[in-house]
Amino acid sequence: VSAEAGLAHWLNRRTGEWKELAQAAQRLQRGRSHRTEDALHAVEGYRSIGRDLSIARRVMPGSRLTLGLEALYARLHALIYRAPHNKAATLRALFRDQIPHAVRELHRYILWVTMLFALATGAGWWLIHTYPELIGLVASDEMIVNVEEGRLWTEGMLNIAPSSVVSVRILTNNIVVSITALCIGVFFGLGTFYIIALNGFMLGCLFAFTHQHGLAGELLKFVVAHGLVELSVICLAGAAGMALGASLAIPTHATRRESFQHATAEAGKLMILCALLLIGCGFIEGYVSPDPGFSMASRVVIGVGYWFIMLTALNGQLFRRLNA
Amino acid sequence: MSQDQLIINSVTGVDVEFKIAGPGSRSYAFVIDWHIRLVLALAWFIVVLLAVAGGLSFEGLDDAGGGKIALIFLPPTLIYFLYQPIAELITRGRSPGKRIAGVRIVSREGDIPSIGALLIRNLFRLVDSLPALYVIGLVCTMVTKQNVRIGDLAAGTLLVIDHDRDGKSLAKMETLSRNPALDPKTADLIDELLERWNTLSKHKRRELALSVLTHTAQLTPEQLRALKDAQLRARLQQTLTGASS
């Protein structure tokens, strides 16, 4: 038998199975729950396609047969090795174990970023306290005029837009700021450093400015219900960004890429919780903070209570309790 | 600098090989997706704007609350910014643009990427798109070994070539084995030539057809040269199927 005839015979014999496997792969790719027989059939098919591909690569390199087998082999490989679908278990593991683990891994950065934020706030306060005329650096003319006339810029917020619109706008903005603080950590942490320092600095400046006009108490009243968690989340996002920068500057794995990938995976998990917390903050800032009907005491209870919920979520206690 | 292939060791002993997509395929996929989201966003914007201008009233969406403005601007903005992550999540790394460009996202292990990886990949568009027009992302794909942007580095993903036609080519294998007298390699060549017949220039396809038929058809070179374009095609089909003329 000539080599060509042998090849043609092999092709004839195997074509049917390839077609059948290609269809099975397509079916498996579409669906989520499969029968054990289908999975076993795919595994068996993966082995036999591997053998066929090995022959095809040798005798018909670069042909469409080889390309077709390569594609089918890769598809079966992806199907067989894909992670199991169990969304509930994945979510449970994420909130109960993985996020607390990420927090533990990032605790040094959380500490440093919180210190940076506090220092920047102090610096902002000192600057405006010493040189009040510099408030124009961080506040708009309209804000300055309002405060000088004894009104906070937050007054009448609900006259401009309803709480729902205010909430969505605020939470979107906060989530974007947090994501930016994380992502620009890729510039060796410098981008994050700048964002955190700037936010802290502005907060300090505004508190000093309102203090000079006797409105610091009013500003605190506005901020306290949502601010505790909001600022904490900004620090958490900053810590995640710093960790990305550090993973590139001082790799902890064999390569910078692996180190960066690991840091991003950990930071990404933390960011999911941050985004959820910011949604809560957005609603508090839209419905509670601008509403004069809420007393200072109730605002403190909401703010501190939400902050404790955040702490229990960060160490996994909250979700362990919910699942208990 | 670039590396053409991603090779995954398999338990079968036969490596899984993926051809890594270059900046060209990536940009092509991106441009298609970008147009899709732009058209969708603009379509919403125009339809709602026309409806509002035409006097259609939206109960409960008072102007003071900005409801109407939100209805006009919010959905198109969401479509524009969320199209890419949502399309990638739903299709597990094969957004319409990628499908058309013949590429897909895989993890570094060759698997379908996880939801987390796809989300991270999309979050980092924020950096890749800096300072404008995806300059950082594009430069990254040009200078990195596996043509990846920062989002891919962060998520541990790669863009690989995945043409539908490669998968479909297996369905054609029966054609290749129809003529037992024909060597499968030549059959593959003839089948591909016939498939691409209309896309090739007349001169080129004639040249290729003559070169193949010289070895397979039982005609003299003079007889072959006398054949017209349509006759050459018919002769190739006969050779492939083994039918007698």
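General observations
- Given (1) open to solvent by less than 20 Å² (accessible area, probe 1.4 Å); (2) facing chain B (nearest Cβ under 7 Å); (3) of a type in the set (A, V, I, L, M, F, W, C); (4) without any contact (Cβ under 8 Å) to a residue 24 or more places away in the chain, index of the condition residue A:24 fails: (2)
- Restricting attention to the range A:100-149, the residues that are of a type in the set (Ser, Thr, Tyr) and touching a residue at least 40 places away in the same chain (Cβ under 8 Å) total 3.
- Being hydrophobic (A, V, I, L, M, F, W, C), buried (at least 17 other Cβ atoms within 10 Å of the Cβ) and under 21 Å from residue A:118 (Cα atoms) is a property that residue A:229 has.
- In this structure, residue A:257 does not satisfy being surrounded by fewer than 19 Cβ atoms within 10 Å (Cβ to Cβ), at pLDDT below 95 and charged (D, E, K, R).
- Yes/no for residue A:102 being within 22 Å of residue A:182 (Cα to Cα) and surrounded by 15 or more Cβ atoms within 10 Å (Cβ to Cβ): yes
- Residues of the range A:182-198 satisfying the condition of being surrounded by 21 or more Cβ atoms within 10 Å (Cβ to Cβ) and away from chain B (no Cβ under 14 Å): A:193, A:196
- Among residues of the range B:44-60 that are under 16 Å from residue B:70 (Cβ atoms), those with a Cβ under 8 angstrom from a residue that is at pLDDT 85 or above, sequence gap 6+ or separate chain, pair up as B:44/B:75; B:44/B:76; B:44/B:79; B:45/B:76; B:48/B:75.
- The listed residue being farther than 20 Å from residue B:157 by Cα, over 14 Å from the mean Cα position of the chain (by Cα) and assigned to a helix (DSSP H, G or I), out of A:201, A:260: A:201
- Hey, residue B:119 modelled with pLDDT under 90, assigned by TED's automatic domain parsing to the domain that holds residue B:140 and either under 18 Å from residue B:158 (Cα atoms) or surrounded by fewer than 16 Cβ atoms within 10 Å (Cβ to Cβ) (or both) or not: no
- Subset of the range B:122-153 (residues that are open to solvent by 10 Å² or more (accessible area, probe 1.4 Å), within 23 Å of the chain's Cα centre (by Cα) and of a type in the set (Gly, Ala, Ser)): B:129
- Lone unmet requirement of (1) within 9 Å of chain A (Cβ to nearest Cβ); (2) modelled with pLDDT under 85; (3) under 23 Å from residue A:57 (Cβ atoms) for residue B:189: (2)
- Count of residues meeting criterion [under 17 Å from residue A:95 (Cα atoms) and open to solvent by 30 Å² or more (accessible area, probe 1.4 Å)] in the range A:276-305: 2
- When the helices (runs of 4 or more DSSP H) confined to the range B:123-167 are screened for residues that are free of Cβ contacts under 8 Å to residues at least 40 places away in the same chain and either within 30 Å of residue B:191 (Cβ to Cβ) or among the β-branched types (Val, Ile, Thr) (or both), those reaching at least 2 such residues are found at B:135-143.
- Residue satisfying condition, being at positive phi and either buried (at least 19 other Cβ atoms within 10 Å of the Cβ) or more than 9 Å from chain A (Cβ to nearest Cβ) (or both), within set B:156, B:97: B:156
The values are calculated or read from the model by the stated rules, or taken from the named source; none is laboratory data. Nothing here was measured: the structure is a model prediction, and the numbers come from that model. When we count neighbours, we look across all protein chains shown, and the Cβ atoms used for this are built from the backbone with ideal geometry, even at glycine. Surface areas here come from the heavy atoms of the whole protein model, side chains and all, with no ligands, DNA or RNA. Shrake-Rupley method; radii C 1.70, N 1.55, O 1.52, S 1.80 Å.
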